[in-house]
1. Starting from the exponent 0.38 and prefactor 2.2 Å, build the expected Rg for the chain from its residue count and divide its actual Cα Rg by it.
2. Simple spin-label model, 7 Å along Cα-to-Cβ: residue 57 to residue 32 in nm?
3. Once both axes come from the Cα atoms, what is the angle between helix 237-247 and the longest principal axis of the chain, in degrees from 0 to 90, rounded to 10?
4. Apply 1/(1 + (r/R0)^6) to the Cβ-Cβ distance of residue 96 and residue 75, taking R0 = 30 Å, and write down the FRET efficiency to the nearest 0.05.
5. May I ask for the angle, rounded to the nearest 10°, between helix 166-179 and the longest principal axis of the chain, with both axes built from Cα atoms and the value confined to 0 to 90°?
6. Give me the percent of Cα-Cα pairs in the range 3-134 that sit more than 20 Å apart, rounded to a whole number.
7. Residue 234 to residue 121: extension gain in nm, 0.36 nm per residue of separation minus the Cα-Cα distance?
8. Identify which of 165, 65, 239 has the largest mean-square fluctuation in a Gaussian network model of the chain, with springs joining Cα atoms closer than 10 Å.
């Protein structure tokens, strides 16, 4: 299963846990006449919170591992997602500290719980929710086949001359191995996190966007990624051209 789809499905479980937490909290504190056994609700709320925290840490591990290995520059959406996730983590630690050690502030726990729930919606919506929406629940079909695509970084009519000298190819290989190989296999067309790149410039179309397999469109993909690929817009154009030189040898 694609790692992004797997993470997105787990994020939907996080949302389910948020609803369970809200339900149990409202039933415990929001009703004068109790419909359920309060002690059982408290146990449910505590177990649900532990599962939420473990799942949060598990998903965060995959996100951090991906960021470290790809060294990708965060998009605006990913930046918002990171801020939401960090805020949730801080609030969770604060809530646990109050419940375990600083009981004099116990009256604040309900407010903190509501904040965690609301921010969790933003956290999941900017990551797993977005991914499932644009891929039609992970079927790898863009939600808008004929929608407005991101504009090409290069002006129309400008053609890139692919470098063929050994120095450029060697530099491109080094860049590829440091930034691309975690998600892409250069020796096959099999999918890792992204499609394999064997023969990518010899095929008529790019494997995901469906655009013509040209150096111009590959550079545009690096600068303005299509779907779930991270942006490499921070790369100088000479580095991108060296990557193209290496891709041309596959």
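Each reported figure results from applying straightforward, stated rules to the coordinates on display, with no laboratory input. No experiment lies behind these values; they were computed from the predicted model shown. Ideal geometry is used to build each Cβ from the backbone, glycine not excepted, and the neighbour counts take in all protein chains shown.
1. 1.29
2. Reported label-point gap for residue 57 and residue 32 is 4.2 nm.
3. That works out to roughly 80 degrees.
4. Working: r = 31 Å, r/R0 = 1.04.
Rounded to the nearest 0.05, the efficiency is 0.45.
5. 10
6. Numbers: 4143 of 8646 pairs.
The share of Cα pairs beyond 20 Å in the range 3-134 comes to 48 percent.
7. Numbers: separation 113, 0.36 × 113 = 40.68 nm, distance 2.99 nm.
Going from the current span to full extension adds 37.7 nm.
8. Judging by the Gaussian network model, the answer is 165.
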